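Contents: one structure, followed by commentary.
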Amino acid sequence: MSEQFDVIVIGAGPAGYVAAIRAAQLGLKTACVDAFAGKDGKQALGGTCLNVGCIPSKALLDSSRQFHNLTHNFGVHGITADNAKIDVATFVGRKDKIVKQFTGGVAQLFKANKITPYFGTGKLLGPNKEPGNNVEITGADGAKQTISATNVILASGSVPIELPFAQFDGKAIVDNAGALDFTEVPKRLGVIGAGVIGLELGSVWKRLGADVTIIEALPEFLAVADADVAKVAAREFAKQGLTIKLNAKLNKAEVKKDGVHLTYTDKDGEQNLVVDKLLVAVGRRAYTAGLLAEDTGVKLDERGRIVVDEHNHTGVDGVWAIGDAVRGPMLAHKGSEEGVAVAEWIAGKAGHVNYDTIPWVIYTEPEIAWAGKTEKELKDAGIPYKVGSFPFAAIGRAVAMNEAIGQVKMIAHAETDRILGVHMVGPGVSELIAECVVAMEFKGSSEDLARIVHAHPTLSEAVHEAALSVDKRAIHKGN
């Protein structure tokens, strides 16, 4: 007889491991199956986010920012450093230590919460004769075992999209994981896709001296963000020397002795470019390969995502799905909140995720962050709105930090004044957006934020002044 659990989670990324922990906190006997292995070959809990995504990329972004400041920005402070160098092995090694710290931390959390981890791939099997659901686990050695639970949470995550004419080889043509482990700074780096991954990793290697060219098929830069924010960001990236070619479609990538030869088409016709390394970052797709036996009854949509209802239930008794494998933005924090909500629904409690206030962040320099609707979305929907904005150039703290770039833009309903969206580009906006999310969660108005006292001098004063600007009463700029 297979071992019995209340909950089995397949996948230990930020959706899966959080779901497992919350389920265990609620008194449910919980197991979690995951096949991610670290560089030592041992199980590394935390999924793409902790191993080759959010955490390692932020470690490299911070290290590269320190180096760039030393070589380019510290002079204004009276600080000089001659012949500064970067040791790539140490640079990457620091990232690896941070990854190991956090994956080990998840393992300790599993132990503390009495969660049983299984190292291998999990497959949901078809209908069980007995009540509950069976999961088949295949270990790295091919050995199989079956465990059972009343509830199974599918949290299999996502994988990079691979282009048929630019396939990953792990050396010259890489995905996000490969771009985290270059052994030296490439002289010429090509990036396909000007999305979050392309911009962040392109920034990392640009700061260390690479000549970076980003090729983006869409005609607009950062079309997912508010147009005003995208415009400011594009201008700053150009100043930094990032070459971004819009409305450019890659046709071919050939690896030769002198580099990767790219052929792409833009408004001027066919173009050629040779780079030393090519990062393909054109998006991610739900990872469901081998996850489901044919007779489970769980359905996939046209994009390969698991179909779920508003409670993340698949329609199959006791089977749920969360994170990148289902609809909605592929964001770690979105998956985590779905994991908490599903665990609470299973336990008979009231889980909740508000998809309208999920914050987005791009950790470039300057940072980009937003929550809620863009101005274009509101205009297209015919919703009346009013806008206030405030530049960091008029914020004392930003000027003192020598980071007086960007702005905060706030959009409120023209009649009710309820905050509908906040869009930021500038220093520390990954943290500033949280205040606005709280206000939006409580259905706050721009007047609410305008009347809250913000400490001086702080970057958060830009939020305060943007809220005042909605009604044309900002203090430190003309309205």
Over the range 85-194, give the accessible area per residue in Å² for a 1.4 Å probe, as an integer.
52
Report, largest value first, the span of the C-alpha coordinates of the range 192-335 along each principal axis, in whole Å.
54, 39, 31
How many percent of the accessible area of the chain is carbon or sulfur, using a 1.4 Å probe?
52
Percent antiparallel among DSSP beta bridges with both residues in the chain, to the nearest 5?
60
For a test of the definition: using alpha carbon positions, the gyration tensor, and the 1.5 limit on a/c, classify the range 147-244 as rounded, prolate or oblate.
oblate
I need the peptides 233-246, 311-324 ranked by packing, meaning the mean over residues of other C-beta atoms within 10 angstrom, with the highest value on top.
311-324, 233-246
Restricting to Cα pairs under 8 Å and 6 or more apart, the percent relative contact order of the range 126-264 works out to 17
With everything on Cα atoms, drop me the angle between helix 88-112 and the longest principal axis of the chain, reported from 0 to 90° to the nearest 10.
40
A convex hull over the alpha carbons of the range 52-97 yields, per residue, a volume in Å³ of 72
Can you bin the range 1-126 into rounded, prolate or oblate? Criterion: square roots of the alpha carbon gyration tensor eigenvalues sorted a ≥ b ≥ c, rounded for a/c under 1.5, prolate for a/b above b/c, oblate for the rest.
prolate
Helix 429-441 versus the longest principal axis of the chain: what angle, 0 to 90°, nearest 10, using Cα atoms?
70
Which distance in nm do the two modelled labels at Ile79 and Lys349 give, with both placed 7 Å along the Cα-to-Cβ direction?
4.4
Convex hull volume per residue for the chain, taking Cα atoms only, in Å³
175
Report Rg (one decimal) and Dmax (nearest whole number) for the range 337-438, counting Cα atoms only, units Å.
16.5, 52
Checking every Cys Cβ in the chain against the others at 4.7 Å leaves as unpaired Cys32, Cys436
Length gained if Glu130 through Ser2 is fully extended, taking 0.36 nm per residue and subtracting the Cα-Cα distance, is 44.9 nm
Relative contact order for the range 1-116, counting Cα pairs under 8 Å that sit 6 or more residues apart, in percent
30
Ordering of 294-305, 211-222, 432-443 by burial proxy (mean other Cβ atoms within 10 Å per residue, highest first):
211-222, 432-443, 294-305
Multiply the residue separation of Val159 and Asp356 by 0.36 nm, subtract the distance between their alpha-carbon atoms, and state the gained length in nm to one decimal.
68.4 nm
Using the Kirkwood radius over C-alpha pairs as Rh, can you work out the diffusion coefficient of the range 98-197 via Stokes-Einstein at 10 °C, viscosity 1.306 mPa s, in µm² per second?
90
Got the relative contact order for the range 308-409 handy, in percent, Cα pairs under 8 Å and 6 or more residues apart?
13
Take the residue pairs Lys123/Lys373; Lys249/Lys379; Lys171/Lys373; Lys171/Lys239 and return only those whose Cα atoms are more than 32 Å apart.
Lys123/Lys373; Lys171/Lys373
Using mean Cβ contacts within 10 Å as the protection proxy, how do 174-186, 361-373 order, highest first?
361-373, 174-186
For the range 376-418, which GluC sites (Glu not before Pro) are both in a DSSP coil and crowded by at most 12 other Cβ atoms within 10 Å?
Glu415
Would the range 297-347 count as rounded, prolate or oblate if I go by the C-alpha gyration tensor, calling it rounded below 1.5 in a/c and otherwise prolate when a/b exceeds b/c, oblate otherwise?
oblate
Report the local net charge at Gly27: Lys and Arg +1, Asp and Glu -1, summed over other residues whose C-beta lies under 15 Å from its C-beta.
+2
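The values are calculated or read from the model by the stated rules, or taken from the named source; none is laboratory data. As the structure is a computational prediction, the values presented were derived from the model and not from experiment. Note that each Cβ is placed from the backbone with ideal geometry, even for glycine, and that neighbours are counted across all protein chains shown. To get the accessible areas, we keep the full protein, side chains included, count just its heavy atoms, and leave off ligands, DNA and RNA. Shrake-Rupley method; radii C 1.70, N 1.55, O 1.52, S 1.80 Å.
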